[in-house]
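Just so it is clear, none of the values below were taken in a lab; they were calculated from the coordinates. From a predicted model like this one, the values you see are computed outputs, not experimental measurements. All Cβ positions, glycine included, derive from the backbone under ideal geometry; neighbour counts span all protein chains shown.
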2 protein chains.
Amino acid sequence: MHVQIIGATGMIGRKLTARLLADGALGGREITALSLLDVVAPDVPAGARPRIAAEATDLSAPGAAARAVAARADVIFHLAAIVSGEAEADFDKGYRINLDATRALFEAIRQEGLRTPYTPRVVFTSSIAVFGAPFPEAIGDEFFTTPLTSYGTQKAIGELLLADYSRRGFFDGIGIRLPTICIRPGAPNKAASGFFSNILREPLAGKEAVLPVGEDVRHWHASPRAAVGFLVHAGSMDLAPLGTRRNLSMPGLSATVGEQIEALRRVAGEAAVRRIRREPDPTIAKIVAGWPRNFDARRATSLGFKAEASFDAIIRAHIDDELGGRVG
Amino acid sequence: MHVQIIGATGMIGRKLTARLLADGALGGREITALSLLDVVAPDVPAGARPRIAAEATDLSAPGAAARAVAARADVIFHLAAIVSGEAEADFDKGYRINLDATRALFEAIRQEGLRTPYTPRVVFTSSIAVFGAPFPEAIGDEFFTTPLTSYGTQKAIGELLLADYSRRGFFDGIGIRLPTICIRPGAPNKAASGFFSNILREPLAGKEAVLPVGEDVRHWHASPRAAVGFLVHAGSMDLAPLGTRRNLSMPGLSATVGEQIEALRRVAGEAAVRRIRREPDPTIAKIVAGWPRNFDARRATSLGFKAEASFDAIIRAHIDDELGGRVG
């Protein structure tokens, strides 16, 4: 089978690529071709078995989506997006990449199918940013989408388009709303959500991290490993049970910052916890107050999506996957 | 003040025009100019007091939205849309008119404001078609939008765009989800929902009407007069209490076909009821089964939107407004 990943150079895209190459198959079918697309040409992993094509493309450019779709992949993972902060800072760019390019992709698939029948599986990564405060104690599967960012708006629109194109039979789509990914590998970044990962990743590597909010702040997490698991499941599961409701909040772990820190203490000891420096930042605290804290993701859970059940497991996944099993 | 109606030749557009001309004001401010736009040039009502401009324009055409917005109206009513059946039959046309033209309008307002500050009130007519079965007993204000038509998808996307453009301060928008309008004046049409109006309007005019579903079918109604009332209120109320949640299900009346018929009997007598001919149509029955039956529209109600409390009132409004007070 032919698998295409759009947005392959991002953190999740690279991990999904590695997972698919390691598995060699998706849903029990051998992967014979893998197309990696992003605005910069993705690296081709060395020694990879299936035929791999890597290409730099901007889906929002005229004709780009049609060229990408001409490969007629069996499964298309659409991960490409401008992140929340950038989409808020640059209104036009956010709409161009997150909305127009997504619609161009969907429409290119439809047009390809109008020429010769073609109904690929399309897996679209949405986000819990489609929801906006105030929230119920746990956000259920039928709660409405009232995004408080342009990014969340663009993702919510992508979900609606995906559902309509699927309902009309133009492709077989599923949208998955990812929790905040924790522990995010790499260097600390300036995203308002960065500290959720920083306060674990940096101490585990023997470095200091800044905590800008109180320990009672609650948030919704899943590991990079769980996120890749969601994608693989979404790419291979039977979608008939979804009916016309094609967008799902993924399971995750609702935890306070204090619970994160306690897990760090259990897994890596007191020395690691002492590397967290408290520097309250009212601006970040205010932004975070508008974010979802907890979900009741029973629909996704009943459909076989799985996330970590404890922050200890999230930390151990990071130590295994990023630190070669060792704590610094 | 300057009021602009986009989609002015439709049934609601004409009634809104008549109401604004009769009132001479909106929200206590005199209407000094009225711009009527539609794909065909709207009629200019005779003897009208304010300056009226009527223009044929297709908002989806390049530059058309910018030209419309250059008038810098204080309040813009955006009613223009391809109806549900046509948007389902012609996928491209539905997206072009219901999505692209709406976005073009919103974007033209933003661009106008980037040149010289401009934040008009924008009233957008959405629809209960943003919801898709299965439903709770009554659809609450926080129920999710899972449209089962492309029309409903396009309206749900319009709502999201309206909320984001309002949140960013590009205009002051409100989206109102209209119930099914009953009694719809004019000739019977082939819309699947047509019978809800036909079985009252035709007998009231001394004519026969066909009822294709059972008397237990429940649906959500408001009169044309109530719909115009929603628009006038939306165009003049303070929107601050809405916060970022700019789209509201309007109040209405949940009634069965049997209750409609009983009201007809009370208002117009047994002779009128005898003009309803039962001709079950399984296709129509199946379509209608996927439609909302009841809402708990407490948010809109608390914000001052008002609908009829009985079908007797809906029928009397029709007799007053369309039949000069006489039953045929």
Distances in nm between the label point of B:A61 (7 Å along Cα→Cβ) and its equivalents in the other copies, shortest first, are 3.3
B:A285 and B:E270 label points (each 7 Å along its Cα→Cβ direction) are spaced in nm at 2.8
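With the Cα gyration tensor of the protein assembly as shown giving a ≥ b ≥ c as the square roots of its eigenvalues, does the rule (a/c under 1.5 for rounded; else a/b larger than b/c for prolate; else oblate) give rounded, prolate or oblate?
Values: a/c = 1.99, a/b = 1.83, b/c = 1.09.
Since a/c reaches 1.5 and a/b is larger than b/c, the shape of the protein assembly as shown is classed as prolate.
Regarding the stretch B:268-328, what whole-number volume in Å³ per residue does the convex hull of its Cα atoms give?
133
So, with +1 on the Cβ of K and R and -1 on the Cβ of D and E, and no other charges, what is the size of the charge dipole of the stretch A:190-328 about its Cα centre, to the nearest 20 debye? Before the final figure, lay out the partial values.
On the way: 20 positive and 16 negative charges, 46 e Å.
Approximately 220 debye in magnitude.
What ranking of B:D320, B:D100 emerges when the number of other C-beta atoms within 10 Å of each C-beta is taken as an exposure proxy, fewest first?
Numbers: B:D320 12, B:D100 16.
By the 10 Å Cβ count, ascending, the order reads B:D320, B:D100.
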Placing each pseudo-label 7 Å from Cα in the direction of the beta carbon, A:A18 and A:R326 end up separated by a distance in nanometres of 1.7
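Greater than 30 Å separation of Cα atoms is the criterion. Which listed pairs, B:K93/B:K190; A:K93/B:K306; A:K306/B:K286, meet it?
Details: B:K93/B:K190 19 Å; A:K93/B:K306 41 Å; A:K306/B:K286 37 Å.
Over 30 Å apart, Cα to Cα: A:K93/B:K306; A:K306/B:K286.
What percentage of all Cα-Cα pairs in the stretch A:225-328 are separated by more than 19 Å? Can you show the working numbers first?
On the way: 3128 of 5356 pairs.
I get 58 percent for the Cα pairs in the stretch A:225-328 exceeding 19 Å.
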In the stretch B:1-65, taking the dipole from +1 charges on Lys and Arg beta carbons and -1 charges on Asp and Glu beta carbons about the Cα centre, the listed residue (B:G28, B:I12, B:A56) farthest towards the positive end is B:G28
Percent antiparallel among DSSP beta bridges confined to the stretch A:104-254, rounded to 5, stands at 15
Applying the gyration tensor rule to the Cα atoms of the stretch B:250-292 (axes a ≥ b ≥ c; rounded if a/c under 1.5, else prolate if a/b exceeds b/c, else oblate), the class is oblate
Residues whose modelled amide H sits under 5 Å from the amide H of A:F77, counting only those 5 or more places away in sequence or on another chain, are A:Q4, A:I5, A:I6, A:V123
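Which value, in debye to the nearest 20, describes the size of the charge dipole of the stretch A:80-176 about its Cα centre when Lys and Arg Cβ atoms bear +1, Asp and Glu Cβ atoms bear -1, and nothing else is charged? Mind showing how you got there, number by number?
Working: 9 positive and 13 negative charges, 89 e Å.
Using Cβ point charges on Lys, Arg, Asp and Glu, the stretch A:80-176 gives about 420 debye.
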So, in nm and shortest first, the distances from B:R72 to its counterparts in the other copies, with label points 7 Å along Cα→Cβ, work out as 5.6
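Using only the Cα atoms of chain A, what semi-axes does the equivalent ellipsoid have when each is the square root of 5 times a gyration tensor eigenvalue? Give whole Å, largest first. Walk me through the numbers on the way to the answer.
Working: eigenvalues 215, 99, 68 Å².
Whole-Å semi-axes of the equivalent ellipsoid: 33, 22, 18.
Any chance you could run the full-extension gain for A:T119 through A:D296? It's 0.36 nm times the residue separation minus the Cα-Cα distance, nm to one decimal.
Numbers: separation 177, 0.36 × 177 = 63.72 nm, distance 3.14 nm.
So the extension gain works out to 60.6 nm.
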Dipole check, the stretch A:69-189, charges on Cβ (K,R +1; D,E -1), about Cα centroid: among A:P179, A:I157, A:L105 the Cα furthest to the positive pole belongs to A:L105
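In debye to the nearest 20, how big a dipole does the stretch B:1-101 give about its Cα centre with +1 on each Lys and Arg Cβ and -1 on each Asp and Glu Cβ? Write out the running numbers ahead of the final one.
Values: 10 positive and 12 negative charges, 96 e Å.
Using Cβ point charges on Lys, Arg, Asp and Glu, the stretch B:1-101 gives about 460 debye.
Stretched out fully, how many nm does the piece from B:A61 to B:V40 gain, at 0.36 nm a residue minus the Cα gap? List each step's numbers first, then the result.
Details: separation 21, 0.36 × 21 = 7.56 nm, distance 1.39 nm.
Gain in length upon complete extension: 6.2 nm.
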Output row for B:E259: copy-to-copy label distances, label 7 Å along Cα→C-beta, ascending, in nanometres, one decimal, is 4.4
A correct Karplus calculation of ³J(HN,Hα) over the stretch A:107-124, with 6.51 cos²θ - 1.76 cosθ + 1.60, θ = phi - 60°, whole Hz and x for Gly and Pro, returns 5, 5, 5, 4, 5, 4, x, 5, 6, 9, x, 7, 9, x, 6, 10, 10, 10
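Could you work out [θ]222 nm for chain B from helices alone, using -39500 (n - 2.57) per DSSP H run of at least four and dividing by all its residues? Round to the nearest 500 deg cm²/dmol.
Numbers: 13 runs with 126 residues, N = 328.
Computed mean residue ellipticity for chain B: -11000 deg cm²/dmol.
Any number yet on Rg/Rh for the stretch A:116-192, C-alpha, Kirkwood? Can you show the working numbers first?
Numbers: Rg = 15.1 Å, Rh = 14.3 Å.
Taking Rh as the inverse mean 1/r over Cα pairs, Rg/Rh reads 1.06.
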Given Cβ charges of +1 for Lys and Arg and -1 for Asp and Glu, the option among A:F143, A:I128, A:F170 whose Cα lies farthest towards the positive end of the dipole of the stretch A:119-177 is A:F170
